[in-house]
Amino acid sequence: MSAKAENANITAIEDEALQGCVPVLTKEKTYKFSDAFFFLASYGIATWNYTQGAYIASLVGFKQVLITTIFGSLMVMLIFQLPTILSTRYGIDIWVWLKAVLGHNGVKVVTIIVVLVNLPWHAICCELFSSSMENLMGLAGIEQNSQFVHVLLSLLCVALGVWIAYRGIKSISLVTKILTPVLLAVGVIVIIVGFTSAPIDEIVNYVPDAIKSGEAESHICYVLAVDAMMAFTFTWFAGMGGIPRLTKTEKSGYWGAVIGQGLVGPFFVIVGAVMAISMNYVTGEMVTDPTLMLSKLAFPAMGLCSLLLVGFANVGTNASVSYVYAVMVKTSFHRVGYRTMVIILNLYIAILCIWGQIMDYLGTLLTLGACMQAPLAAMFCADFFIIRKQKMSLRAGFEINKNRTYRYTLGFNIVGFICFFIGIGINLLIYNPFSGEVNIPFLFNFTPTMCSFVGTGVLYLLLNSIPAIRKYTMKDRAEITV
Amino acid sequence: MVDKQALENEILSKIEEMEKPDYEFPERFSKKNYIIVLICVLASMGILIGGAFL
């Protein structure tokens with residue numbers, strides 16, 4: 001290898017700790033609670049929060065919006081975020097541990113599926129960015145109806161996110177430290193505008209049209225609202241280990257995520273709900289575009305705040321997501337460089353933006369994402385705390401010296417996959433999200449997502465209590481070295 | 001592409017560092033934190049159930 005190539009390789013290896021798959025040692029960790037909080041809050045704040053807010057507001061009244069949004073998200077985050085203490089402890093992403101649950105090849109397959117299902121959310125963000133910028137142009141007197149320009153604006157959102165992510169974690173951290181407080185401040189302004197545009201009574205006593213007209217049953221709508229927030233929160237599962245691996249203490253990584261994503265994210269869902277309810281009162285339509293809302297309910301110049309709420313928020317989210325997903329996928333594809341991975345992931349988002357139909361699949365994506373990630377989170381929690389008692393073979397996780405302990409059957413842990421598919425089935429059996437039919441009313445009360453989570457976890461524990469199965473899944477016990 | 005052997009060597013050296021008896025792991029999640037989590041989960045559950053009756 002030439003000297004230049006060798007130097008490049010050394011730099012690439014050094015990069016791999018912060019932006020890749022190499023474990024981060026205690027002395028290398030630099031993140032405090034505030035760093036984790038700002039980064040993950042930025043991840044949690046995106047335009048889809050407003051769409052989610054409008055959806056929740058179409059199901060339940062204002063008080064129930066607050067309850068379902070905050071506590072539906074918080075409860076789920078508190079539980080599934082717990083095993084990320086392993087990311088801090090061993091400096092690894094959760095997907096290294098998940099090789100014990102799914103098998104070495106199983107993790108490759110599942111991470112690719114998760115990317116295919118989750119990243120379209122970011123194409124939706126880019127679409128909403130484009131629409132909002134067009135509305136902003138409209139306020140400035142520039143009419144924009146060209147589909148070509150619409151796509152270009154979407155791609156601008158992608159490009160800006162890549163530009164920040166490409167520079168690495170330090171660049172993203174700096175941006176999120178500035179962005180998150182500003183977005184929080186603007187979120188508060190939007191809520192104030194919302195509450196002052198309509199009589200407070202109208203907002204606090206708001207009842208969705210479908211319930212007022214008797215078209216929908218309030219109890220079913222409440223459960224759907226709780227389930228929607230839980231599903232929304234579970235879609236963050238895949239990227240949960242990327243930042244805690246950098247934090248100095250287990251609690252800073254954990255609480256940074258729970259408060260950053262589990263509370264700040266829902267705050268912006270509430271912002272979306274307040275916007276939708278106020279706009280419904282003033283205009284008769286539940287609009288969630290902050291540009292239109294701020295210009296209509298406040299004064300046109302306030303529409304510029306949407307530049308922050310939509311523009312910068314989505315760019316910040318795309319940058320944060322590019323990092324956590326690049327780290328996640330690199331767990332299985334070690335040799336691909338971080339920057340190359342950022343480009344590949346964003347190429348996928350860009351293709352979806354050019355296709356332009358992704359908005360039609362918003363509900364399907366939420367359903368698929370939650371259907372998959374709730375069972376994964378359940379197995380992860382059960383495996384980490386009960387089955388493996390917080391100990392795994394790191395040498396097997398990284399296949400050091402061709403260690404094949406987590407290869408199981410052709411690289412797949414059959415037990416893990418049986419539980420995974422049954423978990424998905426539990427969700428769909430209880431409630432059909434495509435037809436809106438409640439198939440098992442008793443279990444529906446506990447929400448399909450939570451039933452899937454608990455059911456998968458219990459099944460995984462039961463199967464692993466059978467001696468023959470335990471022998472299959474627990475071959476790593478003799479190799480525990482840390 | 002990163003050199004595969006160099007990457008594996010780097011990962012192995014980090015694991016070996018963690019395997020040393022004097023390696024200091026990050027401060028652990030304390031019992032107090034687990035209790036706070038449990039209280040918050042139970043409180044959230046209670047509020048969600050109560051919210052159904054609003």
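Structure above, values below:
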item: Condition check for A:Ile418: over 30 Å from B:Ile11 (Cβ atoms), surrounded by fewer than 21 Cβ atoms within 10 Å (Cβ to Cβ) and at pLDDT 95 or above; result: yes
item: Residue in segment A:135-152 that is crowded, with 18+ Cβ neighbours inside 10 Å, touching a residue at least 24 places away in the same chain (Cβ under 8 Å) and under 23 Å from A:Phe232 (Cβ atoms) present; result: no
item: Selection from segment A:32-77 of residues that are assigned to a loop (DSSP other than H, G, I, E, B), within 14 Å of chain B (Cβ to nearest Cβ) and closer than 30 Å to A:Gly214 by Cβ; result: A:Leu59, A:Val60, A:Gly61
item: Output for segment A:383-399, where each listed residue is farther than 17 Å from A:Asp93 by Cα and of a type outside the set (Lys, Arg); result: A:Ile386, A:Ile387
item: Failed condition for A:Glu437, given (1) crowded, with 19+ Cβ neighbours inside 10 Å; (2) without any contact (Cβ under 8 Å) to a residue 12 or more places away in the chain; (3) acidic (Asp, Glu); result: (1)
item: Long-range neighbours under 7 Å by Cβ, at least six apart or interchain, first residue facing another protein chain (nearest Cβ under 8 Å) within segment B:39-50, second of a type in the set (Val, Ile, Thr); result: B:Val41/A:Ile79; B:Ile47/A:Ile67; B:Leu48/A:Ile67; B:Leu48/A:Val226
item: Segment A:248-291, residues that are away from chain B (no Cβ under 12 Å), among the β-branched types (Val, Ile, Thr) and in a helix (DSSP H, G or I); result: A:Val264, A:Val269, A:Ile270, A:Val271, A:Val274, A:Ile277, A:Val282, A:Thr283, A:Thr291
item: Residue list for segment A:315-373, filter: part of a helix (DSSP H, G or I) and of a type in the set (S, T, N, Q); result: A:Thr317, A:Asn318, A:Ser320, A:Ser322, A:Thr340, A:Asn346, A:Thr364, A:Thr367, A:Gln373
item: Hits in segment A:81-91 (condition: in a helix (DSSP H, G or I) and either surrounded by 24 or more Cβ atoms within 10 Å (Cβ to Cβ) or facing chain B (nearest Cβ under 10 Å) (or both)); result: A:Leu82, A:Thr84, A:Ile85, A:Leu86, A:Ser87, A:Thr88, A:Arg89, A:Tyr90
item: Check on A:Ala378, over 27 Å from the mean Cα position of the chain (by Cα) and of a type outside the set (D, E, K, R); result: no
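Conditions tested, residue by residue: (1) surrounded by fewer than 22 Cβ atoms within 10 Å (Cβ to Cβ); (2) at pLDDT 85 or above; (3) over 20 Å from A:Ser154 (Cα atoms); (4) aliphatic (A, V, I, L, M).
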site	(1), (2), (3), (4)
A:Ala301	yes, no, yes, yes
A:Leu304	yes, no, no, yes
A:Leu308	yes, no, no, yes
A:Val315	no, yes, no, yes
A:Asn318	no, yes, no, no
A:Val321	no, yes, no, yes
A:Met328	no, yes, yes, yes
A:Arg335	yes, no, yes, no
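The values are calculated or read from the model by the stated rules, or taken from the named source; none is laboratory data. What you are looking at is a predicted structure, and each value in this text was computed from that prediction instead of being measured. Heads up, the Cβs are rebuilt from the backbone with ideal geometry, glycines too, and the neighbour counts pull from every protein chain shown.
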